[in-house]
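Peer 1: I have a structure here, written as structure tokens, and I will follow up with some questions on it.
The values are calculated or read from the model by the stated rules, or taken from the named source; none is laboratory data. Quick caveat: nothing in here was measured; it's all calculated off a predicted structure. Virtual Cβ from ideal backbone geometry, glycine too; neighbours counted across all protein chains shown. The protein model used for the area step is the full one, side chains on, heavy atoms only, and it has no ligands, DNA or RNA in it. Shrake-Rupley method; radii C 1.70, N 1.55, O 1.52, S 1.80 Å.
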Amino acid sequence: MIIETYGPEETKELGEKIGRQARPGQIYTLTGDLGVGKTVFTQGLARGLGIKEPVSSPTFTIVQIYEEGRLPLYHFDVYRIGDVEEMEEIGYDDYFFGNGVCLIEWAELIQELIPEQAIRIRIEKDPPKGFDYRKIIIEGMEKV
Ligand code: ADP
Ligand code: MG
């Protein structure tokens, strides 16, 4: 599935729709360059789960936990990870194989840990189409 957005609010709305449909144990991976909109998408998904507190990229921790929504949200940002062993240290499998929703920014850095059934989301820019244009490619989901 490919979706094009023309501003951050549209990307958030897409995330929100997906968040409303999210099921326990679902894992979403997010890839794309710095500043492409991974966290913006996550903010929408959190909104779709009914999370009201502000969501930002976890800077000093690998995972940020939000428990006020319909399902717990485990928001990973593994950009600064040095080694996949750091994932073991935080006990990532409790999150990956639990009943909440996992969303992983920079998932390509821990590729070997990502379960087969994860929904893979890639966000790309296309400068000729404008500063706020984003192409969002979703694998593992037919429609929203
Ligand atoms: P990342 O988490 O991928 O590093 P962020 O989500 O933190 O990126 O930042 C994305 C930036 O791009 C924000 O400043 C946002 O306002 C801007 N932006 C512009 N157009 C879009 C769009 N269509 N979708 C998402 N973000 C957009
Ligand atoms: Mg981010």
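Peer 1: Filter segment 62-87 down to the residues that are among the small types (G, A, S), modelled with pLDDT of 95 or more and more than 14 Å from N99 (Cα to Cα) and list them by number.
Peer 2: Those that are among the small types (G, A, S), modelled with pLDDT of 95 or more and more than 14 Å from N99 (Cα to Cα): none in segment 62-87.
Peer 1: Another one. Report, by residue number, each residue of segment 122-136 that is away from ligand 2 (no atom under 16 Å from the Cβ) and under 19 Å from E108 (Cα atoms).
Peer 2: If the condition is that a residue be away from ligand 2 (no atom under 16 Å from the Cβ) and under 19 Å from E108 (Cα atoms), then K135 is the only one that fits.
Peer 1: Here is a follow-up. From T31, T39, which residue is within 13 Å of ligand 2 (Cβ to nearest atom), at pLDDT 95 or above and touching a strand residue (DSSP E or B) at 6+ places or on another chain (Cβ under 6 Å)?
Peer 2: Details: T39 fails: touching a strand residue (DSSP E or B) at 6+ places or on another chain (Cβ under 6 Å).
Of the residues listed, the single one that is within 13 Å of ligand 2 (Cβ to nearest atom), at pLDDT 95 or above and touching a strand residue (DSSP E or B) at 6+ places or on another chain (Cβ under 6 Å) is T31.
Peer 1: Identify, by number, the condition in (1) more than 24 Å from E10 (Cβ to Cβ); (2) open to solvent by less than 90 Å² (accessible area, probe 1.4 Å); (3) part of a loop (DSSP other than H, G, I, E, B) that E116 doesn't meet.
Peer 2: Checking E116 against (1) more than 24 Å from E10 (Cβ to Cβ); (2) open to solvent by less than 90 Å² (accessible area, probe 1.4 Å); (3) part of a loop (DSSP other than H, G, I, E, B), the one that fails is (2).
Peer 1: What is the one condition in (1) part of a helix (DSSP H, G or I); (2) of a type outside the set (A, V, I, L, M, F, W, C); (3) more than 12 Å from ligand 1 (Cβ to nearest atom); (4) surrounded by fewer than 19 Cβ atoms within 10 Å (Cβ to Cβ) that R70 does not satisfy?
Peer 2: Result: R70 passes all but (1).
Peer 1: Does segment 11-26 contain at least one residue that is part of a helix (DSSP H, G or I), near ligand 1 (Cβ under 8 Å from one of its atoms) and either more than 20 Å from Y95 (Cα to Cα) or open to solvent by 10 Å² or more (accessible area, probe 1.4 Å) (or both)?
Peer 2: Checked against the condition, which is being part of a helix (DSSP H, G or I), near ligand 1 (Cβ under 8 Å from one of its atoms) and either more than 20 Å from Y95 (Cα to Cα) or open to solvent by 10 Å² or more (accessible area, probe 1.4 Å) (or both), segment 11-26 yields at least one hit.
Peer 1: Being over 20 Å from M87 (Cα atoms), open to solvent by less than 70 Å² (accessible area, probe 1.4 Å), away from ligand 1 (no atom under 11 Å from the Cβ) and not in a loop (DSSP other than H, G, I, E, B) is the filter here, so list the residues in segment 42-65 that pass it.
Peer 2: L45, A46, G48 - these are the residues of segment 42-65 that are over 20 Å from M87 (Cα atoms), open to solvent by less than 70 Å² (accessible area, probe 1.4 Å), away from ligand 1 (no atom under 11 Å from the Cβ) and not in a loop (DSSP other than H, G, I, E, B).
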